[in-house]
Amino acid sequence: MEKQPRLLASQLLLKNSLFEVSLNRVLLTWKEIATKKKRVSGGIHHPFKVGTSHGVSVSEILAVRELDVDSETKDDGRWQKMPQKSTEAYPYAFTVSYVERAWQHRWRCSDVTFHCLEGALCQQWVQTIREQLTALTSRPKHLLVYINPYGGKQQGERIYEQKVAPLFTLASISTHVIVTEHANHARDHLRTEAELKKYDGVVCVGGDGMFSEMVHGLVSRTQRDNGVDQNSPEEKLVPCTLRIGIIPAGSTDCICYATVGINDPVTSALHIIVGDAQPMDVCSVHHNNTFLRYSVSLLGYGFYGDVLADSERKRWMGPARYDFSGFKTFLTHHYYEGTVSFLPATDILGTPRDKTRCRAGCFICQHNGQLYSEDHQPLFLLPEYKGGWRVIRGKFLAINAASMSCACPRSPKGLSPAAHLADGTTDLILVRKCSRFNFLRHLLRHTSKYDQFDMNFVEVHRVRRFRFTPRYCQSDSELDLRENGKRLFSQICRDHPACSCSPAYSSWNCDGEILPHAAIEVGLVRIKGKILDENLLQSAQTGVKVHLPFGQ
Ligand SMILES: Nc1ncnc2c1ncn2[C@@H]1O[C@H](COP(=O)(O)OP(=O)(O)OP(=O)(O)O)[C@@H](O)[C@H]1O
């Protein structure tokens with residue numbers, strides 16, 4: 001790495017020991033100076049070992065502030081440490097708040113306070129560090145925050161006020177906070193009223209449903225402002241300029257978990273503050289050339305659709321409704337007949353069953369993503385688009401399209417562990433009709449180290465587009481009259497699951513929302529941002545810049 005010129009270097013006091021503190025454009029470092037008389041005065045324990053160098057990347061410094069040493073040590077009646085002689089000799093101090101990487105992808109805010117001999121030196125340090133922070137252009141300064149007070153355990157407001165707002169204040173981020181009053185409040189506000197030019201990003205405090213509202217609001221607004229028709233699957237979408245941050249406060253928070261590696265509001269807030277971003281693939285779902293929804297994680301028909309439909313009727317149960325409905329749906333063991341057509345992604349690196357895992361700076365995403373950059377020819381001109389469709393008819397317990405691993409705390413490797421966040425594909429998983437026992441084996445493998453695709457009734461394809469048509473209709477609106485009797489009968493069966501007959505239709509679970517149509521066509525659009533976090537793909541921010549939708 002190129003050696004950076006030093007901006008400042010001084011000997012400063014830290015926890016009663018002298019440190020050589022140095023700053024360049026990239027790093028703030030401090031190293032204890034080994035002297036015979038190591039301690040300047042009386043000994044308190046400190047965690048820094050002599051001679052060990054400590055460093056924090058400038059991009060992970062949250063704030064710097066001058067400290068009023070007098071007020072820090074004056075007697076206000078509360079318990080406090082005895083004033084140290086050393087701080088009398090070094091009466092000026094500044095504190096640097098920075099990101100500390102804790103365990104399991106968890107980030108925490110840490111402080112380090114340096115004491116100086118002179119006030120001018122202290123101010124110089126504060127000013128120089130502030131200048132470096134101001135130069136970081138990817139950091140947000142003004143955020144629009146939506147809180148769902150009813151998501152998850154209904155703790156959204158408390159989580160924001162107690163854990164997130166103080167960090168935004170520390171980092172000098174101004175916020176406009178809206179507590180939603182009804183479902184789709186955030187989506188509609190973003191789509192119509194929000195003065196987006198005033199903000200550097202939008203943040204949702206809630207679960208996957210709230211994130212989905214933000215995606216729909218922002219993407220729709222951008223297309224409308226630019227005169228783009230979302231109903232046409234061939235239409236090239238205009239990129240959004242704002243990013244979306246997620247503070248997890250929902251029931252499953254699958255998107256946060258899959259992108260950050262952990263569901264922790266403080267970690268997510270810190271990722272937002274330092275301006276991390278992660279590109280994401282987005283599926284657009286159409287029915288008869290009418291746009292229905294976007295999906296960023298799971299599109300599930302059959303099992304996951306039925307679980308959602310049942311759990312929505314049991315919202316009063318809280319997060320436990322998913323367990324209850326999951327168990328109930330497993331017992332009903334309904335399968336659905338239909339035709340799945342899909343366009344395999346043949347020009348890409350990686351397969352759904354390889355051992356790769358998407359990480360920040362993922363090579364596969366970068367390589368495959370090149371295909372979708374604006375500099376390349378439209379996808380529908382690629383040879384594979386001409387007649388490359390495959391068709392599978394059958395009886396399915398589940399049809400799932402995973403645009404990301406869909407990892408969550410219950411299934412840490414996810415529905416499709418090797419799926420990529422931003423490679424322009426989705427993993428289509430078909431689970432054919434099988435015994436309850438085999439289906440249970442398949443489901444349990446999501447929570448174990450065993451391959452959930454290594455079963456003869458399961459197949460997985462990495463695809464660019466797919467369609468599904470249920471057996472009993474050409475399309476939902478062109479129902480075959482002869483089948484009407486079956487549909488009616490199936491509805492009765494659905495209402496009375498003791499009957500062993502399977503209903504004709506399931507619902508699509510689109511990122512936790514029910515879709516009103518069974519017959520759908522799915523293509524991918526691209527939401528693009530940039531990746532700054534080096535350890536993992538994980539970052540709380542999603543750079544919302546939509547690129548190519550796929551054409552036929
Ligand atoms: N004020 C509100 N009142 C009622 N519903 C709301 C309100 N604000 C948002 N919603 C809706 O609540 C639904 C669920 O919200 P959210 O995703 O935040 O929590 P969750 O469903 O518990 O979590 P997850 O989606 O992660 O399982 C969303 O679809 C959203 O549209």
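Readers should treat all values here as calculations from the given coordinates under stated rules, not as data from a laboratory. Predicted model, so just to flag it, every value in this text is computed and none were measured. Every residue, glycine among them, receives a Cβ derived from its backbone with ideal geometry; neighbour counts consider all protein chains shown.
Among Tyr146, Tyr322, which comes first, second and so on when ranked by fewest other beta-carbon atoms within 10 Å? Could you put the intermediate results ahead of the total?
Values: Tyr146 27, Tyr322 18.
Listing Tyr146, Tyr322 from fewest to most nearby Cβ atoms yields Tyr322, Tyr146.
Suppose R0 equals 60 Å. What FRET efficiency, 1/(1 + (r/R0)^6) with r the Cβ-Cβ distance, do Arg224 and Asn456 give to the nearest 0.05?
Calculated value: 0.80.
By how many nm would the segment from Ala165 to Gln11 lengthen if fully extended, with 0.36 nm per residue of separation less the alpha-carbon distance?
On the way: separation 154, 0.36 × 154 = 55.44 nm, distance 3.44 nm.
Fully extending the segment from Ala165 to Gln11 adds 52.0 nm.
Post the alpha-carbon centroid distance, the range 183-262 to the range 287-304, in whole angstrom.
First find each Cα centre; the distance between them is then 16 Å.
Projected onto the charge dipole of the range 130-285 (+1 at Lys/Arg Cβ, -1 at Asp/Glu Cβ, origin at the Cα centre), which of Ala194, Ser284, Gly152 gives the Cα projection farthest towards the positive end?
Ala194
Counting other C-beta atoms within 10 Å, which of Cys109, Cys204, Cys283 has the fewest, and how do the rest follow?
Going from sparsest to densest Cβ surroundings: Cys109, Cys283, Cys204.
Looking at this model, which pairs from Lys163/Lys413; Lys153/Lys413; Lys198/Lys236; Lys153/Lys314; Lys197/Lys236; Lys395/Lys449 are more than 19 angstrom apart at the alpha-carbon?
On the way: Lys163/Lys413 28 Å; Lys153/Lys413 24 Å; Lys198/Lys236 26 Å; Lys153/Lys314 14 Å; Lys197/Lys236 23 Å; Lys395/Lys449 28 Å.
In this structure, Lys163/Lys413; Lys153/Lys413; Lys198/Lys236; Lys197/Lys236; Lys395/Lys449 lie more than 19 Å apart at Cα.
Counting only the backbone N, which residues of the range 184-224 are under 12 Å from the spot 7 Å out from the Cα of Thr241 toward its beta-carbon?
Correct set: 196-201.
Can you put Glu195, Glu20 in order of Cβ neighbours within 10 angstrom, beginning with the fewest?
Numbers: Glu195 8, Glu20 14.
So the residues, fewest neighbours to most, are Glu195, Glu20.
For the range 144-259, what percent of Cα pairs sit more than 25 Å apart? Don't skip to the answer; put the middle values down first.
Values: 1538 of 6670 pairs.
The share of Cα pairs beyond 25 Å in the range 144-259 comes to 23 percent.
Take the Cβ-Cβ distance between Gln104 and Lys31 as r, set R0 to 22 Å, and report the resulting FRET efficiency rounded to the nearest 0.05. The partial results should precede the final answer.
Working: r = 29 Å, r/R0 = 1.31.
The calculated FRET efficiency here is 0.15.
Under a plain spin-label model, where a point goes 7 Å from the Cα along Cα-to-Cβ, how far apart in nm are Asn289 and Ile514?
Using points 7 Å along Cα→Cβ, the separation is 3.0 nm.
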